[in-house]
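The values are calculated or read from the model by the stated rules, or taken from the named source; none is laboratory data. What you see is a predicted model; the values in this text were computed from it and never measured. Cβ: placed from backbone, ideal geometry, glycine included. Neighbour counts: every protein chain shown.
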Amino acid sequence: MFPTSMATSIQNTKMLLRRAFSVKRNEILARNLCFTRTLNANEDQDKSKKVVEEKKNKAELKEAKQKEAKAKLNMLLESMSKTTQKAYPSESKLSLATPKIRAKPAKPVKQPVFNTKIEPEMLQAVEDVSNMLSKENEALKNSLIAKLEDVADESERARLEPFKPNKQKTEDLNSLLNTLKVDGKKPKNKSPAPKLAPVKIEDMYGAQPSGIFSKAHFIEESSAVSGLATWDMLYEKELELAVTHPPANGFHQMIQWTKQGKVWQFPIDNEQGLDEEAQVGFHEHVFLEPHLKPWCPRRGPVRHFMELVVVGLSKNPYLTVEQKKEHINWFRDFFEAKRSILIDTGAIPDITTKSSPSLST
Amino acid sequence: MTNAVKLNQPVRNNWTDWRMMKDNRRRKLLVQYAPDRVRAKALKKNDVLPAEIIEIGTKMLAEIPRDASLTRVRNRCAITSRPRGVVTRWRLSRIVWRSLADYNKLSGVQRAMW
């Protein structure tokens, strides 16, 4: 029916599978045939006979079930008896005849056949292994492939069926674990820590440097400026708020202002807060001619201009003395810078003619 | 008056409007350039110094930004930024001033009656 060339291993597996399936198919076909035959037979005969047959079937089913239950009971009893027998020693001291160990015939496994696809890579590996060990050993290859199939089937079965704990295996494990139990006693005498000899320091600062860190490159902690300026500002604000207590109400606010000196004192004094300025006399504000004396010429347009400036400053109550001085000095610097222009225009008399370094003549 | 400006809102600035902000900017520039401006003006506006110096003075005045001028500053209402009808002493627009006066928030201000 099928090509029976046993050249490749893949074809072997396919063959096996096909055979299994064909068997099953034939079985199904046979069953159907029988059923149809019985059906046809019943149709020809009377209905009463059919009923009788049905009753018989039911009885048979019942008997089968009873038999199964009995078998199960027997199994349980046998298992129980096994546990009770464990009290007695299993090994006997008599030298009795022992049977020969014969290889048991392989029982037909009634488990469902799975269409487990063995990966081509796996098959290739199996092939390579077999080739390595013994070249062109067909039997070895087949055995290996069969083993592979078995493993695959088992894994599939285990995957599909729910896990039922094997009592025997658990009992064995428990006995094993009991033997491995740790004793309750703790070791009392612990080995003491190795005692080092005390270090004798003769001269702390006179010894030669060891030079361990001579080649060390200490990574400086990067104190990079964080780009989160707003966050930093807000953090500082929060810190300030945590320390200070903003006024809870208007009274608190007034108290705070009074302490800070922001509140007007009665009777109202217009010069409240200007204490330093009050100490400066009016002569410093008004008599500013001494500031012109060192540098300004006695005659000419420059003098005229500066006289006007000084008069204006003397009448100004809003500037401080320092500000007024700064004003005058600025003009001095400006005229010093524009000296050439002034000479050209004739505002300042020529210096080359007269031996004086400054503007004043 | 303390709740005139809500300080918890997510805004770019807390000025009533942009005109108020610009006015504030002009005031700041005015203070910054005031001395330079006075000196440049003095050099320009006099008939005593030679013409060249006066010319230099005019140039210096032109270099100063326009927003540093006093004439560009407008005394707006501090709360509503109203440019007109501002009561100078309180720096408030007449409407705000009136509402505060009615609620007795302005010291010494009373309803006129004679």
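Structural remarks
- Consider the range B:79-110 and keep the residues that are closer than 21 Å to B:Asn3 by Cβ and among the hydroxyl-bearing types (Ser, Thr, Tyr). The one that is surrounded by the fewest Cβ atoms within 10 Å (Cβ to Cβ) is B:Ser107.
- Among the numbered conditions (1) of a type in the set (A, V, I, L, M, F, W, C); (2) within 30 Å of A:Leu123 (Cβ to Cβ); (3) surrounded by fewer than 10 Cβ atoms within 10 Å (Cβ to Cβ), the only one that A:Leu180 does not meet is (2).
- Identity of the residue in the range A:264-303, within 14 Å of chain B (Cβ to nearest Cβ) and in a helix (DSSP H, G or I), that ends up farthest from B:Asn46 (Cα to Cα): A:Arg303
- Options B:Arg66, B:Arg39, B:Arg26: the member that is surrounded by 14 or more Cβ atoms within 10 Å (Cβ to Cβ) and either more than 14 Å from chain A (Cβ to nearest Cβ) or under 30 Å from B:Val96 (Cβ atoms) (or both): B:Arg26
- Leading residue by the ranking (farthest from B:Met21 (Cα to Cα)) among those in the range B:79-114 that are touching a residue at least 60 places away in the same chain (Cβ under 8 Å) and in a loop (DSSP other than H, G, I, E, B): B:Lys105
- Meets criteria (in the same structural domain as A:Gly346 (by TED's automatic domain parsing), farther than 23 Å from B:Asp36 by Cβ and in contact with a Pro (Cβ under 8 Å, 6 or more places away or on another chain)) for A:Pro297: yes
- Residues in the range A:304-354 that are of a type in the set (Val, Ile, Thr) and at the interface with another protein chain (Cβ under 8 Å from one of its Cβ atoms): 3 in all.
- Being away from chain A (no Cβ under 14 Å), in a loop (DSSP other than H, G, I, E, B), surrounded by fewer than 13 Cβ atoms within 10 Å (Cβ to Cβ) and at pLDDT 95 or above is a description that does not apply to B:Arg76.
- Residues of the range B:36-50 that turn out to be part of a helix (DSSP H, G or I) and within 17 Å of A:Leu308 (Cβ to Cβ), as a count: 7
- Within the range A:317-338, the set of residues being without any contact (Cβ under 8 Å) to a residue 12 or more places away in the chain, of a type outside the set (D, E, K, R), over 27 Å from B:Glu55 (Cα atoms) and exposed (fewer than 14 other Cβ atoms within 10 Å of the Cβ) comprises just one member, A:Tyr318.
- Some residue of the range A:247-258 being of a type in the set (Phe, Trp, Tyr), surrounded by 10 or more Cβ atoms within 10 Å (Cβ to Cβ) and not in a loop (DSSP other than H, G, I, E, B): yes
- In the condition set (1) surrounded by 15 or more Cβ atoms within 10 Å (Cβ to Cβ); (2) out of contact with any Lys or Arg (no Cβ under 9 Å at 6 or more places or on another chain); (3) under 27 Å from B:Ser99 (Cα atoms), B:Leu49 is compliant with all but (3).
- Test result for A:Glu307, closer than 30 Å to B:Pro50 by Cβ and assigned by TED's automatic domain parsing to the domain that holds A:Gln323: yes
Okay, residues lined up against (1) touching a helix residue (DSSP H, G or I) at 6+ places or on another chain (Cβ under 9 Å); (2) modelled with pLDDT under 70:
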{"residue": "A:Lys93", "(1), (2)": "no, no"}
{"residue": "A:Ala97", "(1), (2)": "no, no"}
{"residue": "A:Ser130", "(1), (2)": "yes, no"}
{"residue": "A:Ser134", "(1), (2)": "yes, yes"}
{"residue": "A:Lys141", "(1), (2)": "yes, no"}
